[in-house]
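Let me begin by presenting the structure, written as structure tokens, before commenting on it.
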Amino acid sequence: MNLLDLARSALLANESDCVETREEARRHWRVRSPGRDAFEVIVHPEATQTEVAELYPGAICDPIPSPPQRYATQEQAAELRELVALVAAAWPDAERAEALAVALADPVDALICWRALVAHLV
């Protein structure tokens, strides 16, 4: 096999990887259309590249990777539980539980926000 054949097979292998990635259902997409600025969309339910492209005929739609998930340490989780309980004491149980779940999914930013909310209560 010569160098050109190796390059072709590598290109085809990469192309098939790309197609598989694009055909995975995703939520976040970058859409590029001729004559327009690129923009991002979030779809619900998740959609494949083909499904998103149907929404934007003639556009190139690329999946945007999800940000890495950060998990709360035990100390962060305990503090967030206390903060949410203070701020959301009068909220319905379902709303309080949802607020805590969202906070635990992004503990670093949530601690900043919830600490500020508690500071306004005092």
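Values in this text are rule-based calculations from the coordinates and carry no lab data. From a predicted model like this one, the values you see are computed outputs, not experimental measurements.
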Extension gain from residue 70 to residue 40, taking 0.36 nm per residue of separation minus the Cα-Cα distance: 8.5 nm
Overall form of the stretch 74-121 per C-alpha gyration tensor (a/c, 1.5; a/b vs b/c): oblate
